[in-house]
Amino acid sequence: NAGVTQTPKFQVLKTGQSMTLQCAQDMNHNSMYWYRQDPGMGLRLIYYSASEGTTDKGEVPNGYNVSRLNKREFSLRLESAAPSQTSVYFCASSEWRNTEAFFGQGTRLTVV
Amino acid sequence: DQQVKQNSPSLSVQEGRISILNCDYTNSMFDYFLWYKKYPAEGPTFLISISSIKDKNEDGRFTVFLNKSAKHLSLHIVPSQPGDSAVYFCAALSTVSARQLTFGSGTQLTVLP
């Protein structure tokens, strides 16, 4: 009963490097989300996918791209990492976009 | 422009007493409110929710109150237990618009034994 699984759990990048954060859910949910959490700022939505085949920008999309690979998987890509992207990233899923979301354990990313 | 505000970054309460966590919102389109709990190094977990058609929802030791006219909600935990020590996030959404979950900045609750 895994729920939402994110990989990797930790990552250190150099400025300018690229990487992809992976997320998969096994709850047959339609909607998936990527959030970032920064101290004192709560969780801010980066991108979301209301249903398979669609993606939309959230509150802080700059510097990121996403792919909804299939119903289960939703990846987040940093093409050229910047120190401002140092954060904890959470993937989440929900049955539909207006119901409670279930979160993964997070990816702690440091850009040096 | 924070649409969901948790003005208390931290709260300490004695074990067995009541914990009251507060949340204010500014967007009148929000009609569904949720509380999440987060332990260190884990993702947030859903705790309790309330629809705007209600003013109270109870689940065991947890009760959420909604005051729509004041755009204010609160989470009551009675009695508080040391295992309740965590960061609590308030979140809101509009079920009729494209708006996604909007989170507050969180309140660190510490329950002292």
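Can you list the residues of region B:27-42 with backbone N under 12 Å from a point 7 Å past the Cα of B:Q3, pointing along Cα to Cβ?
Output list for this probe position: B:27-32.
Kindly compute the accessible surface that chains A and B hide from a 1.4 Å probe when together, both sides summed, and give it to the nearest 100 Å².
1500 Å²
For region A:49-107, report the % of Cα-Cα distances exceeding 12 Å.
Of all Cα-Cα distances in region A:49-107, 72 percent exceed 12 Å.
If one computes the Cα centroid of region B:24-66 and of region A:18-90, what distance in Å separates the two points?
Between the Cα centre of region B:24-66 and that of region A:18-90, the gap is 23 Å.
Nothing charged except the Cβ atoms of Lys and Arg (+1) and of Asp and Glu (-1): what's the magnitude of the dipole of the protein assembly as shown about its Cα centre? Round to the nearest 20 debye.
Dipole magnitude for the protein assembly as shown comes out near 240 debye.
Full extension from A:N70 to A:T20: what is 0.36 nm times the residue separation minus their Cα-Cα distance, to one decimal in nm?
16.4 nm
I'd like the mean, over residues of A:41-47, of how many other protein chain beta carbons sit within 10 Å of each residue's own Cβ.
5
Could you give the alpha-carbon Rg of chain B over 2.2 N^0.38 Å, rounded to two decimals?
In units of the globular-protein estimate, chain B measures up at 1.02.
Considering the Cα trace of chain A, what is its radius of gyration and what is Dmax, both in angstroms?
Here Rg and the maximum Cα pair distance are 13.0, 37 Å.
The values are calculated or read from the model by the stated rules, or taken from the named source; none is laboratory data. Keep in mind the model is a prediction, meaning the values are calculated, not measured. Glycine also receives a Cβ, built like all others from the backbone with ideal geometry; neighbour counts cover every protein chain displayed. In case anyone asks, the SASA skips ligands and DNA or RNA and just uses the protein heavy atoms, side chains included. Shrake-Rupley method; radii C 1.70, N 1.55, O 1.52, S 1.80 Å.
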